[in-house]
Amino acid sequence: MIKVLHVSDIHLGSGLSHGRTNPETGLNTRLEDFVKSLRSCIDRAISEPVDLVLFGGDAFPDATPPPYIQQAFASEFSRLVQAAIPTILLVGNHDQHSQGKGGASLSIYRTLGVPKFIVGDRIETHHINTANGEVQVITLPWLTNSALLTRPETEGLSLEAVNQLLLQKLQPILEGEIRRLDPDQPTILLAHLMADRAQLGAERFLAVGKGFTIPVSFLIRPEFDYVALGHVHRHQNLNPKGEPAVVYPGSIERVDFSEEKEDKGYVLIELEKGNTQWQFCPLPVRPFLTIKVDVTEKDDPQQTILSAIERQKNPEAVVRLQYKLHSEQLDRIESRTLQKALSFAHSYTITPELVSQLARPRLPELGEQVALDPMSALKTYLDNRDDLKEVSEEMLAEAEKLLGGLPNHTDQWTFSASPN
């Protein structure tokens, strides 16, 4: 049995807007959160110990991170070198240059010849000798149109047609690697891709127009004992009722509020030909919390918001407060009081949303096919407009004068709910 740790989408240096500067270190606290989660993964790899570590891609937000962030990443992975644990670093979409060529943020590990480190920036089969036997790993990095196609081949084609052409190009290449496998050795496919059954998170907007979607059926092969994926931030197994498991471990930290409800972690695998087992290991990451309040119908909007904050109070969470109110309620809200109430949070944002009075539901008295004389209709309307109370009498008086000059002004008007 070979023990493998599968981790992906570290994105070291992301989400800094949700943090603050730590006065003791001078570093952003969210960067420290990400490093802490990565350290927990490496700690587990060493303490287990595992025989192999698979990184599924996206080390940083882009291919040229600042030196201090590169150093933080290297410091943690260097511990695997010291422990003599073989490691494969797969190139994801965020690890590539904007042109889609080369793993700029990871290629340094190949250039330096880091012992037992492999950079997976091409479709290739790697035979790795571990402490408990040999394992075959096919690396499939993030592929763009330019990786497999020429410009003349894609000219004038729709996105769907390009996607099909890419799959036609990829299939024989992957098939060639599979046919050269040793059928007696355990095999892993390590790939950074968007699978068609995946439930998406923050990455849904990160690769638009830069890659293509691969059918899960493309990955479910009897030659594979485990399919280790990267790119999608939500942990999931895309083949829950069969073998092999096709697993996204997800990202190791929450990048933004789109991942508020997601568990974060890594996967431990017990790899054995025809009998592979795996488990998701959650990480104790910083919570994200959204507090939504609608005070449009409240007499004391400020207290309503404060009560909602108190009920959902979660120390050290990254918090966003969103509340709806009418314009005439603005002077009843004290921003400093709300800020003080949110002081428990690691960081917070406050977003008020003004709701137009015109957005209120129609009054029953003015509903569809309700017949009222014009003055009664106007009075009903003004009685339900708090912001017009001071001028309602003048408006009624002026309306009376206007209608007094019209023939049959006492005739009833029919109000319809039709937008026309």
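Please state the shape class of the stretch 1-41: rounded when a/c is under 1.5, otherwise prolate if a/b exceeds b/c and oblate if not, all from the C-alpha gyration tensor.
Judged from the Cα gyration tensor, the stretch 1-41 comes out prolate (a/c at least 1.5, a/b above b/c).
Taking a ≥ b ≥ c as the square roots of the Cα gyration tensor eigenvalues, with a/c under 1.5 meaning rounded and otherwise prolate when a/b beats b/c, else oblate, which class fits the chain?
Note, shape of the chain comes out prolate.
Tell me what the chain gives for mean residue ellipticity at 222 nm when only DSSP H runs of n ≥ 4 count, each as -39,500 (n - 2.57), the sum divided by the residue total, rounded to 500 deg cm²/dmol.
-8000 deg cm²/dmol
Would you mind checking which residues have amide H under 5 Å from GLY15's amide H? H placed 1.01 Å from N; only 5 or more apart, or other chain.
Placed amide hydrogens put nothing under 5 Å from GLY15.
When DSSP beta bridges are limited to those with both residues in the chain, what percentage is antiparallel, rounded to the nearest 5?
Taking every DSSP beta bridge with both residues in the chain, the antiparallel ones total about 40 percent.
Would you mind telling me which residue in ASP121, ASP196, ASP383 has the biggest mean-square fluctuation in a Gaussian network model of the chain, where springs connect alpha carbons within a distance under 10 angstrom?
Fluctuation is largest for ASP383.
Can you put LEU283, LEU16, LEU90, LEU325 in order of Cβ neighbours within 10 angstrom, beginning with the fewest?
Listing LEU283, LEU16, LEU90, LEU325 from fewest to most nearby Cβ atoms yields LEU16, LEU283, LEU325, LEU90.
Arrange SER251, SER327, SER40, SER356 by Cβ neighbour counts within 10 Å, fewest through most, would you?
With the sparsest Cβ surroundings first, the list reads SER356, SER327, SER40, SER251.
Which lysines does LYS379 reach when only Cα atoms under 28 Å apart count, and residues fewer than 8 places away in its own chain are ignored?
LYS298, LYS324, LYS389, LYS401
Students often get this wrong, so check it: of LYS36/LYS264; LYS3/LYS273; LYS116/LYS264; LYS3/LYS241, which have C-alpha atoms separated by over 19 Å?
Correct reply: LYS116/LYS264; LYS3/LYS241.
Could you work out the local net charge near PHE77, counting Lys and Arg as +1, Asp and Glu as -1, over the other residues with Cβ closer than 13 Å to its Cβ?
+1
Starting with the fewest neighbours, write out TRP142, TRP278 ranked by other beta-carbon atoms found within 10 Å of each beta-carbon.
The most exposed by this proxy come first: TRP278, TRP142.
If I fit a long axis through the Cα atoms of helix 67-82 and take the longest principal axis of the Cα atoms of the chain, what angle between them do I get, 0 to 90°, rounded to 10?
For helix 67-82, the angle is close to 40 degrees.
No lab work stands behind these numbers, since they all come straight from the coordinates. Computed from a predicted structure; not experimentally measured. Every residue, glycine among them, receives a Cβ derived from its backbone with ideal geometry; neighbour counts consider all protein chains shown.
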